[in-house]
1. In terms of the Cα gyration tensor, with a ≥ b ≥ c the square roots of its eigenvalues, is segment 365-481 rounded because a/c is under 1.5, prolate because a/b exceeds b/c, or oblate?
2. Holding the Cα-Cα limit at 27 Å, pick out from Lys440/Lys508; Lys82/Lys146; Lys99/Lys300 the pairs that are longer than that.
3. Over the Cα atoms of segment 1-164, how large are the radius of gyration and the largest Cα-Cα distance (Dmax), in Å?
4. By how many nm would the segment from Lys326 to Ser408 grow when fully extended, if each residue of separation counts as 0.36 nm and the alpha-carbon distance is taken off?
5. For the residue pair Leu565 and Thr203, what label-to-label distance in nm results when each label sits 7 Å from Cα along the Cα-to-beta-carbon direction?
6. So how far, in whole Å, is the C-alpha centre of segment 73-148 from the one of segment 282-305?
7. Could you give the angle, 0 to 90 degrees to the nearest 10, between helix 194-210's Cα long axis and the longest principal axis of the Cα atoms of the chain?
8. Would you list, by chain and number, the lysines whose Cα falls below 19 Å from the Cα of Lys339, excluding same-chain residues fewer than 8 positions away?
Amino acid sequence: MENMNFLEQITAFLAQEDLIGSGREISALKTSFEDFMIEEERVDQINRLEAADKGETIEEKDFKAIKEAFYSVYKEVQDKRKAQLELKNAFEAGNLKQKRDLITRLKDLIENEENIGSAFATQKEIHETWKKIGDIPREKRDEVQKEYSRYVELFYHTISIYKELKENDYKKNTQLKEQVIFNLKTLRNSNKNIRDIEATLRTLQDEWEGIGPVHNEQWEELKASYWEAVKSIYEKINHFYDEQRSVLLENLNKKRALVEQLRAEVSNLEGLDKSKDWDAKTEKVLAVQEAWKQIGFGPKKENEAIWQEFRGVCDTFFAAKKEFNKSIDDVYKANADQKRALVDAIKVINTSTDWKTTADKIVTIQKKWKQIGSAGNRFENKLWAEFRAACDVFYNARDAHFTAQDESLATNLTAKTDLIAQIEAFVVSENKQETLATLKGFAEQFNAIGHVPMKQKNEIYDRFKKALDSKYSALKLEANEKEMILFQAKMETMQASPERSRGLVNEKNEIRKQIDTLKKEIMQLENNLGFFAKSKGADQLKKEVEQKVAHANAKIETLKQKLKLIPNE
């Protein structure tokens, strides 16, 4: 498992002798482990929620032991590294004191020693001791090294021993110093790790100080080249650490921005009352979490605090989602209980042969079913299958009964065919009321005839509707009157349709949709009235808008009248 790999990695650090340079890697591993555990806990939570929706139960995973094992070793590693750092700091402080003491000795040697041989021996002993002394605090290195170099330089230029040095020694020393300068310039342009550059720089500076004197006329040029190279390397080192601090601060600001973004996303959870709304919000939260993972470390001091803040907002959201899921589960259970009762109610009456009465009862029960909300993924599909199967018992029996009446259905088919022929042959008269009464009578006769064979029911209805519509269209009616009469005729004709119930529901929905659209248009028009100034041109526009509002209101009244003409199923 991946979490065991984290434990192995942190344990491997514990086995290392030197942890001082591994601080960033240890922190990175800790952050990766915490990110991994967050994802594991989130996946476990989702798996349990999905299982709950399916009616299954998955035992909640206990990540406590994994975390305790990791953090236990992590604490040992940190304690070990802290001890090493304290020892290193104490060691470097001691080294600093030793080097300052050597500088003091070198200064005293220059000022007081008159024996050249003894002075050389002492200077050599001081320098050998200097090289053996380990690291000192980074912020003191340049200062102390320069001070030491200045006294070494003063030593060589103030002691008359230069006269006794051989020319080839000067030449050799010049070559050695030039080689050190070359190595410094090469180091400046290298792609080594910054810590390796620092270590190499210290070694080269020690080499420089250990090389003997050169001709005075060459010394200033060599010294300038040397310090120019050293300075450029220190600038590179400082630039690296400055950039590191800049990157860390940039990462911190990015993380703060994500915290604010996440707060904004979860600021109004009270308005989420549907599962799909919570799912959509969850996707956004997970997207922010994914963006967080793409950002590197921030400053050590602030990184843990911003992480705790971010995690707190995430925990608040997922806790609220858990509470919502719990409440919605209660609603689903209540709806499931109601729907089970309706299934039982259908089973009580679905063997009845009182076709009309029973059909009406089943339709009423079906309407109640529609009014009940969803029972959730766990129950809804299963209950619906039971409910539909129970209804089908009645409908299949009824269809079988009426199918057995083929002779009666054939008679009805003949009667309806003859009636359609009468309608097609009917000539619209000048007497409008008389014609309307006749057409309405045709519709009543058609509805009264009864069922026809299933295969012909749609075809015979379409012929009937086409014939009747053609006669209504031939009437000479006023626009408004014609609209209402044709609509009423449409309703009467629809009573004979095989898809009567669905057609009437669709008609109601379409009219209500038109009314809503008109109301929105009226609202927009009335809002626009407030923008017109008191001017001649504005008055004309205002009058036009008011006319549009009046026309829309009239249209709404007509649509409401149509709604009243639609029979309730």
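1. Oblate, because a/c is 1.5 or more while a/b does not exceed b/c.
2. Result: Lys82/Lys146; Lys99/Lys300 exceed 27 Å.
3. Rg and Dmax of segment 1-164, Cα atoms, are 28.9, 100 Å.
4. Gain in length upon complete extension: 23.8 nm.
5. Calculated label separation equals 10.1 nm.
6. One Cα centre to the other: 43 Å.
7. Between helix and principal axis, roughly 10 degrees.
8. In chain and number order, the partners are Lys54, Lys347, Lys361, Lys367, Lys368, Lys370, Lys382.
Coordinate-derived values only; no laboratory data. Computed from a predicted model, the values in this text were never measured in an experiment. A quick note on method: Cβ atoms are made from the backbone with ideal geometry, for glycine too, and the neighbour counts reach across all protein chains shown.
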